[in-house]
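The values are calculated or read from the model by the stated rules, or taken from the named source; none is laboratory data. Fair warning: this is a prediction, and the values are worked out from it, not measured in the lab. Heads up, the Cβs are rebuilt from the backbone with ideal geometry, glycines too, and the neighbour counts pull from every protein chain shown. To get the accessible areas, we keep the full protein, side chains included, count just its heavy atoms, and leave off ligands, DNA and RNA. Shrake-Rupley method; radii C 1.70, N 1.55, O 1.52, S 1.80 Å.
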Amino acid sequence: AAPAAIPPRVAPPPPLEECPAADHLEWVICLVEALCRATHRAWSPAHAAEASRLGLERALEMSPEENAAHLVHGPAKQFALLGGGLPPESETVSSARSWLRGLRDSAYATVALLAVHAPGAFYPSDAVAAAVSRAAHFDIKSARDRHARALVHTVARPVLSRCPASHRARWHAALTTGLVPHMHERLSSAWARSRREASAAENVFGGVEDGEAAAFAASLGAGGGAAAVAELVSDRVTRDLTRDHCALLELLAAPGGTFGRKTKGSGLTGHLQNLQGGLTGAPTAAGETAAAERLAHGGGKHVLEWMAATRAAEGGVSGDRCARAALATAAAAVTWGDSEAAGKALGFLRGIVAAAAASGPGAAMSALGGGAGFGDGVNKNQTPPPPMESSLREDVAGTALSACLAGLTVPTNSAHQADVLGVIRDVVLRLLPTTRAARDTLLSLPGMTPGELDRLLSDLSAIRSEKKAATRVKETLVAAAGGGDALRAFAEARASSSSTGAIQMPSVTTRTPAAASNTWSEEDVNGIGLNPLTANARTTQ
């Protein structure tokens, strides 16, 4: 069972006649839509120019308290609380900002509360879904990053996480058809801007308090305190937005969540079973489907259902625009240097790789459809989602594999080593035999040859253990990397790694009085969380 703090999903929702909001829901949503349109329009170029003419341009920016909330304790936070080097703002500016924020937050909260307390009338209504979609997407290009994050965090994620399986297609189409491509463009631009600013300042703001304080002190000494605060806050907002959007992508791949569910597959596909003339006891299509249903991503069926919903919402004229945007965002997030976002992005990559594998030659797509498991027990006679096109399967294989190979060299991904290697293993096991892109990507490694690749497949065809298969893939990558220290150190999971994906039990040693010292060692500082700058400056801690 899920922890008590996590509200259970309402599936199926109560009957419509038992919902007290049924008679009022549509006109309430109309008011919410009007509020969202009015507040979103305030940040459009024309209205921002009008606010500037009236002297209210600072009402469209964050308050000193909001800026400080995005900063860790230190000189930058104190500087932001004192006004950030700007002259005091008028009461009119402060009131206008609070009024706009209150309208927007109340509108978003109303949508989320209706999804929680009136699901019987909320989720089955096409009119409500259309109104929420219009409200969420109205003038989204003019929204600031913090507003986009509020939209994803307080509307899209809560509504989709509680959506019953029978209504997912409706709400996937309403909340993700335009949002996912837009977020790819927004995040790509934001991270490119952040990298340029960090490169210009010769400092990458990775959330480390000491590095942030040093960078801010240097900027403040040069008279650029306000610009430094804005840059720090922008970086934090970008990271928060990335994490929320990647969590939304993971939700699309695993709508039931990963709590208590397997996230990694086991066993081999039919392609590998037949590499050496076939093995005895090969699993049947029904057996493979039953195993896939036990996974959080459902063997890729959730991604295929989402793709079908968004494709239908666009009238089939844009192809797989949403899926390609989501794939590009998740692949880039693995290399952006944010550990939490990378972990969520890897969850989506697993799902879309599984969807590509389920759409390949020899895959039992019919078993993912009208047979057992489709729709999580809701309307099992429903038409199965169409398979992924071959061109997109090639993109999934090449993009996911390239992103994970690059992600192996990113230090912040050390906590997700098993997940990164797991995606690579999935691609090798399930897409390498049927896609050209996967083979070409692996052959691009310095030490990889066609003969070594064939030996890898031959070995994997005889390995029954998932862990041993992943180890074999890891050994091949280390050898093919040409002895690169960064990739080799990461793949070998040195004991000096700062974090791992599993729970670690601390090793406790008895400290004798004779071994005591008047100073704190580096192990002491790191082990009990002391401030390394002041650990030896005080006699007691």
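Listed by first and then second residue, the pairs linking a residue in segment 172-188 that is closer than 21 Å to HIS302 by Cα to a residue that is open to solvent by 30 Å² or more (accessible area, probe 1.4 Å) and basic (Lys, Arg), with Cβ atoms under 7 Å apart and 6 or more places separating them unless they lie on different chains, are PRO181/ARG321.
Here is the figure for segment 101-124: residues that are within 20 Å of CYS36 (Cα to Cα) and in contact with a Leu (Cβ under 8 Å, 6 or more places away or on another chain) total 7. Considering only residues in segment 462-478 that are over 26 Å from the mean Cα position of the chain (by Cα) and hydrophobic (A, V, I, L, M, F, W, C), the one that is least open to solvent (accessible area, probe 1.4 Å) turns out to be ALA469. Residues that are open to solvent by 50 Å² or more (accessible area, probe 1.4 Å) and hydroxyl-bearing (Ser, Thr, Tyr) were ranked within segment 400-417; the one that is modelled with the highest pLDDT is SER402. Being buried (at least 21 other Cβ atoms within 10 Å of the Cβ) and out of contact with any Ser or Thr (no Cβ under 9 Å at 6 or more places or on another chain) holds for only one residue in LEU81, LEU114, and it is LEU114. A search for C-beta distances below 6 Å between a residue of segment 102-117 that is more than 12 Å from ARG157 (Cα to Cα) and any residue that is modelled with pLDDT of 90 or more and crowded, with 16+ Cβ neighbours inside 10 Å, counting only pairs 6+ apart in sequence or on different chains, returns LEU103/LEU35; LEU103/THR39; ARG104/THR39; ALA107/VAL32; ALA107/LEU35; ALA107/CYS36; THR110/VAL32; LEU114/PHE122. In segment 423-449, the qualifying residues are those that are of a type in the set (Ser, Thr, Tyr) and in contact (Cβ under 8 Å) with a residue 60 or more places away in the chain, and the one that is most open to solvent (accessible area, probe 1.4 Å) is THR434. Restricting attention to segment 317-353, the residues that are within 12 Å of SER188 (Cα to Cα) and of a type in the set (Lys, Arg) total 0. Screening LEU151, LEU100 for residues that are within 20 Å of the chain's Cα centre (by Cα) and buried (at least 16 other Cβ atoms within 10 Å of the Cβ) leaves exactly one candidate, LEU151. Of note, THR335 satisfies the criterion of being of a type in the set (Val, Ile, Thr) and assigned to a loop (DSSP other than H, G, I, E, B).
Candidates are the residues of segment 75-91 that are outside any helix (DSSP H, G or I) and under 10 Å from VAL229 (Cα atoms); the one that is farthest from the chain's Cα centre (by Cα) is GLY85. The single residue among THR434, THR409 that is in contact with a Pro (Cβ under 6 Å, 6 or more places away or on another chain) and more than 14 Å from LEU349 (Cβ to Cβ) turns out to be THR434. Would a scan of segment 6-15 turn up a residue that is modelled with pLDDT under 85, part of a helix (DSSP H, G or I) and open to solvent by less than 60 Å² (accessible area, probe 1.4 Å)? No: zero hits.
What is the one condition in (1) within 25 Å of the chain's Cα centre (by Cα); (2) among the charged types (D, E, K, R); (3) open to solvent by less than 50 Å² (accessible area, probe 1.4 Å) that GLU452 does not satisfy? All conditions are met except number (1). So for segment 187-210 (the condition being closer than 30 Å to LEU114 by Cβ and at pLDDT 60 or above), does at least one residue qualify? Scanning segment 187-210 turns up at least one residue that is closer than 30 Å to LEU114 by Cβ and at pLDDT 60 or above. When we screen ASP426, ASP395, ASP454, ASP419 for residues that are more than 21 Å from ARG350 (Cβ to Cβ), assigned to a helix (DSSP H, G or I) and not polar (S, T, N, Q), the only hit is ASP454. The residues of segment 154-171 that are open to solvent by 60 Å² or more (accessible area, probe 1.4 Å) and among the hydroxyl-bearing types (Ser, Thr, Tyr) amount to a single one, SER166. May I ask you to list the residues in segment 42-58 that are closer than 22 Å to ALA112 by Cβ and either touching a His at 6+ places or on another chain (Cβ under 9 Å) or loosely packed, with under 15 Cβ neighbours inside 10 Å (or both)? Once the filter is applied, which keeps residues that are closer than 22 Å to ALA112 by Cβ and either touching a His at 6+ places or on another chain (Cβ under 9 Å) or loosely packed, with under 15 Cβ neighbours inside 10 Å (or both), segment 42-58 yields only TRP43. Contact annotation: residue pairs with Cβ atoms under 7 Å, 6 or more positions apart or on different chains, pairing a residue in segment 370-395 that is more than 20 Å from ALA357 (Cβ to Cβ) and at pLDDT below 80 with a partner that is among the aromatic types (Phe, Trp, Tyr) and open to solvent by less than 60 Å² (accessible area, probe 1.4 Å), are LYS380/PHE374; GLN382/PHE374.
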